[in-house]
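The values are calculated or read from the model by the stated rules, or taken from the named source; none is laboratory data. These figures come from a predicted structure and were not determined experimentally. Ideal geometry is used to build each Cβ from the backbone, glycine not excepted, and the neighbour counts take in all protein chains shown. In case anyone asks, the SASA skips ligands and DNA or RNA and just uses the protein heavy atoms, side chains included. Shrake-Rupley method; radii C 1.70, N 1.55, O 1.52, S 1.80 Å.
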Amino acid sequence: MFYVLLSLALFLFALGLRNSILARKSEKWGCLQEVFSVLLYFSAIGFVGIALLKFPEMRLPLPDFSVILSTSPTTETTSAPTTEPTTVPVETTLPPLTFPPITEPPTEPTEPPTTAPLEPGWYQGIDGNTYYVDDDGSRHIGWLKLNGETFYFDESGKMVRGEVKIDGKTYHFASRGQRIILVNPWNTVPEDYQPDLVNLTTHYGVEGTKVDRSCYDALIKMIDDCNAACPRAAVVSGYRSFDYQTKLFDKKVKKLMDTGVSEEEAKQLAATVVAPPGTSEHQLGLAVDMIDTKLWALEEEQEDLPAQKWLMENSWKYGFVLRYPADKSEVTGIIYEPWHYRYVGTEIAKELYIAGITLEEYIAYLTQS
């Protein structure tokens, strides 16, 4: 510390004398000016040098030249480390069942992996198909009734969708696999079908109207909500027996024949307005003819009335669809009827409504997929 202070004092003394000489501006002092300038420079250098020796932390870090000089100027190409290929573990069970939306059909079927044992329940195979595993761990084959719905699995255990021939008979299944009964001029009411009928009160329809129990609660809720929004809707026709449908059809045929057409032509024309017996959805107890009571008639003018408009826009929320929409007669085989609603359940009704398709188009899509 003494040497630091000494060099600092010498530096300040030399600086002071130099400034004094410069102030005099005299030639005789010129020599002394040079002497004190040299003394000033040396004292400054000495001050810095002593400070660095006494206080190492003031020194700037220098690079390690030994490392730099020892490094080869050529660069080496390094290859990625080789590792053993990793094996993706194969799941011992199929993932839980998930139903793809109608807009995304499953991939082309491939043979699913054999995995056993499996827990009972639904499975979505890696091939895009759906399976059901029984209690014994095997894939279910054949018919399956579960939670009030009916499914069918082919000989490989795959759940079927769309139109399928089983034992020589035609059946129809929805996108989620549940059976749905398609009735139209080309598909008759199943011989073994037995509706579970419930009477509607006169508050909801004309006296004596009956519907199937499976759609009763949804129908009542829909009518109540419709009447709360824009009264008033009512059911004018529900379930029809085979005999009653026969009477309606024969009556229409006779009326047409009275105009001069042949019996064969009359039957063809009548079938577009009144379904022949065995091909009417009313025989299922799942179809209803509904009107806005401002017009007690099944006429196209119904489409312009408030209650009917509400039903067309909202019936799908309750599981009903407008079965015979405009410009679809070639597909359904029936003329436009803005009053005829069919119960298909909320899931299928939503699919049909969003896609803007009929039940026939829906089944055809699933069959092609």
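Could you tell me whether Ile291 is within 14 Å of Leu359 (Cα to Cα) and touching a helix residue (DSSP H, G or I) at 6+ places or on another chain (Cβ under 9 Å)? No. Every listed requirement among (1) closer than 20 Å to Ser237 by Cα; (2) under 24 Å from the mean Cα position of the chain (by Cα); (3) surrounded by fewer than 20 Cβ atoms within 10 Å (Cβ to Cβ) is met by Val321 save one, (3).
Kindly establish whether Ala275 is over 23 Å from Asn227 (Cβ atoms), of a type in the set (Gly, Ala, Ser) and in contact with a strand residue (DSSP E or B) (Cβ under 9 Å, 6 or more places away or on another chain). When the stated conditions are applied, Ala275 passes them.
The residues of the stretch 283-302 that are under 22 Å from Cys230 (Cβ atoms) and in a strand (DSSP E or B), listed by number, are Val288, Asp289, Met290, Ile291, Asp292.
Residues are listed down the side, and each one gets a yes or a no for (1) more than 28 Å from the chain's Cα centre (by Cα); (2) of a type outside the set (A, V, I, L, M, F, W, C):
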| position | (1), (2) |
| --- | --- |
| Leu284 | yes, no |
| Trp310 | no, no |
| Lys328 | no, yes |
| Glu347 | no, yes |
| Ala364 | no, no |
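The number of residues in the stretch 303-321 being under 27 Å from Arg213 (Cβ atoms) and part of a helix (DSSP H, G or I) comes to 11.
The set of residues in the stretch 319-351 being of a type in the set (D, E, K, R), touching a residue at least 40 places away in the same chain (Cβ under 8 Å) and more than 17 Å from Pro185 (Cα to Cα) consists of Glu347, Glu351.
Contact map, the stretch 274-298: first residue basic (Lys, Arg), second residue open to solvent by 30 Å² or more (accessible area, probe 1.4 Å), Cβ cut-off under 6 Å, separation 6 or more or different chains; pairs are Lys294/Leu305. Pairing residues of the stretch 352-369 that are over 16 Å from Glu313 (Cβ atoms) with residues that are hydroxyl-bearing (Ser, Thr, Tyr) and part of a helix (DSSP H, G or I), at Cβ distances under 7 Å and at least 6 apart in sequence or on separate chains, gives Thr358/Thr332; Glu360/Thr332.
In this structure, Trp316 qualifies as open to solvent by 40 Å² or more (accessible area, probe 1.4 Å), in contact with a Leu (Cβ under 9 Å, 6 or more places away or on another chain), in contact (Cβ under 8 Å) with a residue 12 or more places away in the chain and not polar (S, T, N, Q). Restricting the stretch 343-369 to residues that are β-branched (Val, Ile, Thr) and assigned to a helix (DSSP H, G or I) leaves a set whose member that is most open to solvent (accessible area, probe 1.4 Å) is Ile354. Scanning the stretch 219-247 for residues that are buried (at least 19 other Cβ atoms within 10 Å of the Cβ), aliphatic (A, V, I, L, M) and part of a helix (DSSP H, G or I) turns up Leu219, Met222, Ile223.
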